[in-house]
Amino acid sequence: MNPIEASMTNNRRLFLKSAGLSLGAISAAALGTGGAAQTTAATTSGASLPKATAKRVIYLFQSGAPSQFESFDYKPGLKAIAKSELPDSVRGGQRLTGMTSGQTSFPVAPSIFNFAQGSRSGTWVSDLLPHTRAVSDKLCVIRSMFTEAINHDPAITFFQTGSQLSGRPSMGAWVAYGLGSMNENLPTFVVMVSRGTGLAAGQPLYDRLWGSGVLPGKHQGVKLRSGAEPILYLSNPAGCPSHIRRRMLDDLKSLNQEALTRKLDPEIQTRIEQYELAFRMQSSVPELTDFNDEPQSVLDSYGPDVVKPGSYARNCLLARRLAERDVRFIQLFHMGWDQHSNLPDHMGKQCRDTDQPTAALINDLAQRGLLDDTLVVWGGEFGRTVYCQGALTEENYGRDHHPRCFSIFMAGGGVKPGIVYGETDDFSYNIVADPVHVNDLQATILHTLGIDHRRLSIPFQGLDLKLTGVEDRNPVLDILA
């Protein structure tokens, strides 16, 4: 090692971290992610942890924010006051986005779609979602979600990381960090993205939404692509057989192991582990994405789009196959729900994309006995306004962003089936019973996995960083069986 390299390597932080059980080692843990990544409050003794009712999560994130008026929050009384001005007493001075802040009129726009009740649960579900209505007896619909963000990127970031600021660990990364892997041949956290037909452009999604933030890099989500290579650079180069690749990786591991011994950088250990995982995935991923073993009846249940690479339907079937293989956290992002105009047409297309595959996934999990220990979550980043954005006609309207109340649903994983939780006012503008904050939902998801959200933390820049933030948030125990 030359003198320059030695001076860069043997620095004060390295000395402290290599000082064994001294005060220096304790100090090093608080200096940066290198030391912090090796400690977690989730493993400390104290109050008993919640009983795990789920082993894995499938999160169906509907990016762009589906309207609650055309999905799960039935408001038939709005038809009698259609086109009338939203009362100031209801709006309560809520801030507006730049899209509607210049409007002088805020006319009430009732949904043009009918609703019906589920067979046994009695849950009201829109005609846009007939397949979802058919499985409503398995769903817990939460109508009283609320968030702090009014624009897409901070709102989506908030749902994924517990903070509107980018750079924090995503929920899947936290779960991977807290619980570890159940399958050594596939990633612990897998992500898939599909584009809806309702609004082709949609809101952009960034890789940081499934990133590991200040946690070790091995916990970040691995994205499955829709092309010939689901994961880039996983295949051997032409002319390089598997045994040659194995020898190369062994030599590379030796070099990395030597660097790890010198520098004590946990990211080097991450690199070693990820190379080994990638080698094992060379056989596990092709097997995962090969649907030849699926009965035609199963393929048909997910709808005609299941044969289209990158479609939401195909990703739902992949989600079930990943759940079968004990992948811990599976997240699907479906883009295109931002209906500021032409909502009936655009949302109709989005629902055709997602309704049948979502219901098929829930039924498929249930039939295989996987729904009992798999938590399924469906929803977007906020709701939509009762008032129309732009011109209101008998058959067409748009809706702006609305963070004060919106609907999501959960299924399986120890959640009570066939119930509705929370209540909004007659305009679905304000919550009147049982509000659920985004961090409360995150605490609930962790609770089903047997994690106390207050104890899953990592020291970072003087703060015990948590998914659920620093405020007092609580899991929604009333929806748990």
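Placing unit charges on the Cβ atoms of the charged side chains and taking the dipole of the chain about its Cα centre, the candidate lying farthest along the positive direction among A319, T97, Y233 is Y233. Compared with the direct C-alpha span, the chain from D207 to S254 gains 13.9 nm at full extension, assuming 0.36 nm per residue.
Could you list K253, K218, K55 so that the one with the fewest beta carbons within 10 Å of its beta carbon is first and the one with the most is last? Please list the in-between numbers first.
Numbers: K253 15, K218 23, K55 19.
Fewest-to-most Cβ neighbours within 10 Å comes out as K253, K55, K218.
Here region 49-191 is treated with +1 on each Lys and Arg Cβ and -1 on each Asp and Glu Cβ, and its dipole about the Cα centre works out to around 340 debye.
Here the Karplus curve 6.51 cos²θ - 1.76 cosθ + 1.60, taken at θ = phi - 60°, turns the phi angles of region 452-460 into couplings of 7, 4, 6, 10, 8, 8, 9, x, 8 Hz, with x standing for Gly and Pro. With neighbours defined as other Cβ atoms within 10 Å of a residue's Cβ, the residues H402, H346 order from fewest to most as H346, H402.
Against the empirical 2.2 N^0.38 Å (N residues), region 85-128 has a Cα radius of gyration ratio of 1.71. Quick one: which residues, 5+ away or cross-chain, put their amide H under 5 Å from the amide H of F382? H built at 1.01 Å from N. Hits under the 5 Å cutoff: A65. Could you give the angle, 0 to 90 degrees to the nearest 10, between helix 343-367's Cα long axis and the longest principal axis of the Cα atoms of the chain? Approximately 60 degrees, to the nearest 10. Here the calculated FRET efficiency for D326 and S166, from their Cβ-Cβ distance with R0 = 41 Å, stands at 0.85, rounded to the nearest 0.05. Backbone phi angles across region 228-235, fed through the Karplus curve with coefficients 6.51, -1.76 and 1.60 (θ = phi - 60°), yield HN-Hα couplings of 5, 10, x, 10, 4, 6, 7, 6 Hz in residue order; Gly and Pro are listed as x. Bridgeable aspartates and glutamates around K79 (alpha carbons under 12 Å apart, same-chain partners fewer than 8 residues away excluded): E394, D426. What are the aspartates and glutamates whose alpha-carbon lies under 12 Å from the alpha-carbon of K416, with same-chain residues fewer than 8 places away excluded? Filter leaves D137, D372, D478. Checking the a/c ratio against 1.5 first, then a/b against b/c, what shape does the Cα gyration tensor give for the chain? Here the chain falls in the prolate category. Counted residue by residue at 0.36 nm each, then reduced by the alpha carbon distance between them, the extension gain from D472 to N342 reaches 42.8 nm. Taking every alpha-carbon pair under 8 Å whose residues sit at least 6 apart, the chain reaches a relative contact order of 30 percent.
Quick check for me: using +1 on Lys/Arg Cβ and -1 on Asp/Glu Cβ, what's the dipole size of region 371-481 about its Cα centre, in debye to the nearest 20?
For this selection, approximately 340 debye.
Greater than 24 Å separation of Cα atoms is the criterion. Which listed pairs, K223/K308; K55/K308; K138/K466; K223/K263; K51/K466, meet it? Violating the 24 Å Cα-Cα cut-off are K55/K308; K138/K466; K223/K263.
The angle separating the long axis of helix 312-324 from the principal Cα axis of greatest extent in the chain is about 50 degrees.
What separates the Cα centres of region 291-352 and region 147-215 is a distance of 18 Å. Counted over region 372-464 with a bin width of 10 Å, the fraction of Cα pairs per bin, in whole percents, is 13, 33, 29, 18, 6, 1.
Computed from Cα positions, the angle between helix 152-161 and the longest principal axis of the chain comes to roughly 50 degrees. Between L49 and E423, the distance separating the two model label sites (each 7 Å from Cα on the Cα→Cβ line) works out to 3.8 nm. Here region 282-425 is treated with +1 on each Lys and Arg Cβ and -1 on each Asp and Glu Cβ, and its dipole about the Cα centre works out to around 220 debye. Report the residues of region 154-189 in range of a label on R246: point 7 Å along Cα→C-beta, backbone N strictly under 19 Å from it. So the set is 184-186. When each of S297, S226 is scored by the number of other beta-carbon atoms lying within 10 Å, the sequence from fewest to most is S297, S226. With all pairs of different C-alpha atoms in the average, the Kirkwood value for the hydrodynamic radius of region 157-252 is 15.7 Å. Taken over region 301-455, the ratio of Cα radius of gyration to 2.2 N^0.38 Å equals 1.16. Within a straight-line Cα-Cα reach of under 21 Å, K83 can be paired with the following lysines, leaving aside sequence neighbours fewer than 8 residues apart in one chain: K75. Based on C-alpha pairs under 8 angstrom that are at least 6 apart in sequence, region 153-238 has a relative contact order of 31 percent. Simple rule: put +1 on each Lys or Arg Cβ and -1 on each Asp or Glu Cβ in region 119-199, find the dipole, and look at G198, N185, P130; the Cα lying farthest toward the positive end is P130.
The DSSP beta bridges internal to the chain are antiparallel in roughly 45% of cases. Projecting the Cα atoms of I362, M281, P87 onto the charge dipole of the chain, computed from C-beta unit charges around the Cα centre, puts M281 farthest toward the positive end.
All of the numbers you see were taken from the coordinates with simple rules; none came from a lab. What you see is a predicted model; the values in this text were computed from it and never measured. Virtual Cβ from ideal backbone geometry, glycine too; neighbours counted across all protein chains shown.
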